[in-house]
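K.L.:
If you scroll down you'll find the structure; I have some questions about it.
Read-outs: derived from the displayed coordinates by stated rules, not from any lab. Just so it is clear, the structure is predicted and the values come from calculations on it, not from any experiment. Note that we place each Cβ from the backbone using ideal geometry, even for glycine, and neighbour counts take in every protein chain shown.
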Amino acid sequence: MTIRINLDVIMAKRKIRLKTLAQLVGITEANLSVLKNGKAKAVRLSTLDKLCEVLECQPGDILEFNEDGDSESAVQS
């Protein structure tokens, strides 16, 4: 089972760059890049909340549960 992070898709739809999003959310570009690339082991709820606020979306738009486990940008559970 994996959780896929679709942050790159939402960023593309909103036409927002990594640097800009990092500044608006209040985290480093490096940490946002780790999250965007699916390398993060955990996500703070406060960070997820701020991402949703800035990107005008719901947590389910960013995180996707995948039972198959066949995902490139996924966090293993």
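K.L.:
Taking segment 8-22 as the region of interest, how many residues are closer than 15 Å to Cys57 by Cβ and either in contact with a strand residue (DSSP E or B) (Cβ under 9 Å, 6 or more places away or on another chain) or surrounded by fewer than 17 Cβ atoms within 10 Å (Cβ to Cβ) (or both)?
P.N.:
Residues flagged as closer than 15 Å to Cys57 by Cβ and either in contact with a strand residue (DSSP E or B) (Cβ under 9 Å, 6 or more places away or on another chain) or surrounded by fewer than 17 Cβ atoms within 10 Å (Cβ to Cβ) (or both) within segment 8-22 amount to 7.
K.L.:
What is the one condition in (1) assigned to a helix (DSSP H, G or I); (2) β-branched (Val, Ile, Thr); (3) in contact (Cβ under 8 Å) with a residue 60 or more places away in the chain that Ile3 does not satisfy?
P.N.:
(1)
K.L.:
Hey, another quick one. Picking from Val9, Val25, which residue would you name as being without any contact (Cβ under 8 Å) to a residue 12 or more places away in the chain and among the hydrophobic types (A, V, I, L, M, F, W, C)?
P.N.:
None of the others qualify; the one that does is Val9.
K.L.:
Then there's this: Check segment 29-37 and report whether any residue there is within 12 Å of the chain's Cα centre (by Cα) and exposed (fewer than 11 other Cβ atoms within 10 Å of the Cβ).
P.N.:
Scanning segment 29-37, I find no residue that is within 12 Å of the chain's Cα centre (by Cα) and exposed (fewer than 11 other Cβ atoms within 10 Å of the Cβ), so the answer is no.
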